[in-house]
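Below is one structure, written out as structure tokens; the observations come after it.
Where a number appears in this text, it was derived from the coordinates with a stated rule and is not lab data. A quick note: this is a predicted structure, and the numbers were derived from the prediction, not measured. Positions of Cβ are backbone-derived with ideal geometry, glycine not excepted, and every protein chain shown enters the neighbour counts.
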Amino acid sequence: MKQLILLLILSFFSAQSFAGSCPDGSDPVKSISADGTYFVYNCGGSTATSSETSSAKSNGLLPDTLKKIKVVKDWEPVADFEALKEYAIQVPIEERLVRKNKEWNCVDRITNVNPYPDEDSHRAWFVCQAYVHGLAASNPQIIGDILLTWASASKDPMFVVPFADPRHKTAGYDLPSTIGTFAQSYALWYDEIAYTPDERKQVDSYMTKKLMEQKFQPIGGNYQGRFIKCNINDINSVLNERTGQNNCGNIRMKVSVGEIMLGFRLENQTLLDKGHDDMYVVNAFINEDGININHASRGGNTVNYSWEYTYYSSLLAELYDSVGYDYLEHTLPRGAKVHEYLSFNYRLLKDFKLTAPWAKYDIGSSWLPYSQIKNLTQEEYENTDYGKDAYSWEDGDNEFVKAHTKFVKRYMPELYTFAVKNYMGSNFNESPNFGVHPYMLHLGNNLIEENNNVELLQKQDELEGEKDATACAVTPLDGEYIATWLAEHTKEDVGWELIGTETLSLNGCKGKFESAVDFEPNKWFKMSKALRENLLISFDSSGSINISGNLDLDHYETEKININGNISSGIILGDFTSDWNLKVELKRK
């Protein structure tokens with residue numbers, strides 16, 4: 001009954017004021033910071049977050065200068081929101097997510113929180129979260145309708161079950177993470193979502209309450225009991241098997257950015273301050289060399305974790321630009337600057353072993369220990385399944401530049417050499433782990449510069465294209481070929497298995513598969529015609545040929561392929577995954 005009354009009370013107040021910002025519905029307590037330079041707002045006298053950061057200040061970590069940032073009236077995240085909107089609808093949703101949505105009905109699943117996240121349904125929730133992020137870019141009302149359903153429910157569907165419930169670990173990760181990333185999306189698309197005034201107050205109050213109540217208690221445990229919190233004063237505490245790393249890691253990061261963005265949007269200083277407190281805890285585990293120890297310690301997934309979460313640094317850099325703060329030069333709690341953190345992660349993409357001193361601890365990665373990758377070369381690592389999941393290696397620096405365009409222009413301008421706006425090959429155009437891609441904000445703040453870059457490079461490409469067209473106008477290799485697709489399991493002595501046969505047409509140094517039917521030679525294999533039709537095929541006058549793009553080999557997953565060969569030899573060969581090799585045999589008709 002008290003919860004119902006609280007919800008009714010909250011619905012009468014705008015989240016733009018401080019009223020109702022605390023989980024219990026009370027007003028925050030205002031006090032003076034330790035250095036006397038700004039006000040501190042705490043719920044119930046002291047939040048768990050502020051007590052952690054206060055402890056940090058007394059134990060040698062650098063103070064959080066972000067706490068000096070104040071909300072501004074009528075905040076807007078970018079200078080040209082129309083340009084952002086126009087770009088956002090051009091970003092394609094990954095085909096794999098579209099297929100999974102058909103299977104899992106993602107919008108309904110997340111709207112109704114049904115099935116409730118548990119160990120069996122976690123993957124579906126995670127994929128659907130990414131799909132909805134992508135969908136919201138072209139239709140923000142999707143996010144608005146989901147949030148309104150949650151906010152108006154008689155019983156909060158985003159409630160995390162108690163620790164004793166076997167679903168707690170999964171729900172304790174999935175639900176707060178989704179609140180965080182959806183808060184990011186809501187803050188960005190706020191004015192694009194149609195609500196009545198009462199609905200707006202209801203959603204604003206609900207999201208503010210959900211963010212403010214996040215205390216990041218450890219969600220897991222072992223035979224010794226429930227995990228303990230990270231020790232912000234001991235960077236190596238995240239390497240302890242008894243530490244719940246999400247207390248200072250990924251859940252907290254997603255929520256904190258949601259708090260920061262929605263704090264700006266709602267002009268809610270309390271929420272903004274909590275976001276900065278929470279982000280400070282996360283950043284306290286980045287060492288003086290710019291290495292996030294929490295992410296580096298993730299065994300065979302050390303690159304996956306380290307790389308993907310760098311996106312938040314550039315997202316924040318774009319956001320803080322709107323209030324005149326240079327986040328790339330911001331100093332983190334242990335002395336590294338944000339741009340040094342990004343520089344390290346660029347080097348990590350070139351040498352995955354840079355995090356070896358921490359990756360060997362296999363934190364949260366018992367299924368993929370570091371021992372499985374530590375003896376691989378860089379090239380071998382990039383061709384593993386988990387390596388392919390981490391980054392679009394075949395595109396060189398493109399994905400890095402697209403994620404961190406502001407950083408690259410200032411600190412690594414030599415990488416800014418392609419039409420960044422038009423590049424859509426990133427692994428993380430949509431991600432369950434962030435609700436807004438940083439490039440959307442960068443484009444909204446730098447439209448003229450980005451368009452000029454595209455136009456200049458298009459002219460250069462046209463000149464190169466004219467040269468290539470002359471060389472490729474007619475070659476003896478042009479014509480039609482019978483292309484036979486085969487697959488071979490690397491761990492079973494079965495040999496090459498036939499997938500299907502079709503026509504490959506080569507002309508002007510480019511090629512096209514016939515793609516008339518799906519290949520389904522048995523119940524195990526499926527290679528869809530739609531994906532084969534979109535494969536990129538290029539060859540030169542010497543006969544070297546490359547096939548790249550997204551392709552499936554079964555009914556479940558799509559992989560990026562990049563296979564090479566020679567037309568004269570009639571063999572095009574490469575990896576599909578670490579378990580499967582792929583081959584195309586060519587024979588001229």
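Between 0 and 90 degrees, the angle of helix 338-350 with respect to the longest Cα principal axis of the chain falls at about 30 degrees. Helix-only arithmetic for the chain: the sum of -39500 (n - 2.57) across DSSP H runs with n ≥ 4, divided by the residue total, places the mean residue ellipticity at 222 nm at -12500 deg cm²/dmol.
Among the GluC sites (Glu not before Pro) in region 64-133, those placed in a DSSP loop whose Cβ has at most 11 other Cβ atoms within 10 Å are 119.
Note down the Stokes-Einstein diffusion coefficient of region 109-170 in µm²/s, whole number, using a Kirkwood radius over alpha carbon pairs, 20 °C, and 1.002 mPa s.
170
Distance from the alpha carbon centroid of region 89-143 to that of region 226-265 works out to 25 angstrom. Note on residue 196 and residue 233: the model spin-label points, each 7 Å out from Cα along the C-beta direction, lie 5.3 nm apart.
Subtract the Cα-Cα distance of residue 378 and residue 526 from 0.36 nm times their separation in residues, and report this length gain in nm to one decimal.
Full extension from residue 378 to residue 526 adds 50.2 nm.
Quick one: 555, 442, fewest Cβ neighbours within 10 Å first, how do they rank?
Lowest to highest Cβ neighbour count: 555, 442.
Can you tell me the FRET efficiency between residue 82 and residue 326 if r is taken as the Cβ-Cβ distance and R0 is 35 Å, rounded to the nearest 0.05? Computed FRET efficiency for residue 82 and residue 326 comes out at 0.85.
Model label sites at residue 589 and residue 62, defined 7 Å from Cα along the beta-carbon direction, differ in position by 6.6 nm. With the convex hull drawn around the C-alpha atoms of region 479-588, the volume per residue stands at 92 Å³. Charge tally around residue 396: other residues with Cβ under 13 Å, Lys/Arg +1 each, Asp/Glu -1 each, net -4.
Counted over all Cα-Cα pairs of region 297-424, pairs farther apart than 17 Å make up 60 percent.
Among 334, 242, the order by Cβ neighbours within 10 angstrom, fewest to most, reads 242, 334.
Sorting 178, 243 from the fewest to the most surrounding beta carbons within 10 angstrom yields 243, 178.
Radius of gyration over Kirkwood radius for region 206-340, both on Cα atoms: the Rg/Rh ratio is 0.97. Put a plus charge on the Cβ of each Lys and Arg, a minus charge on the Cβ of each Asp and Glu, and nothing anywhere else: the dipole of the chain about its Cα centre is then about 1560 debye.
Please go through the residue pairs 274/421; 529/587; 85/406 and name each one whose alpha carbons sit more than 29 Å apart in this structure. With Cα atoms farther than 29 Å apart: 274/421.
Relative to one another, the C-alpha centroids of region 172-217 and region 360-426 are positioned 31 Å apart. Hydrodynamic radius of the chain by the Kirkwood approach over all distinct alpha-carbon pairs: 25.7 Å.
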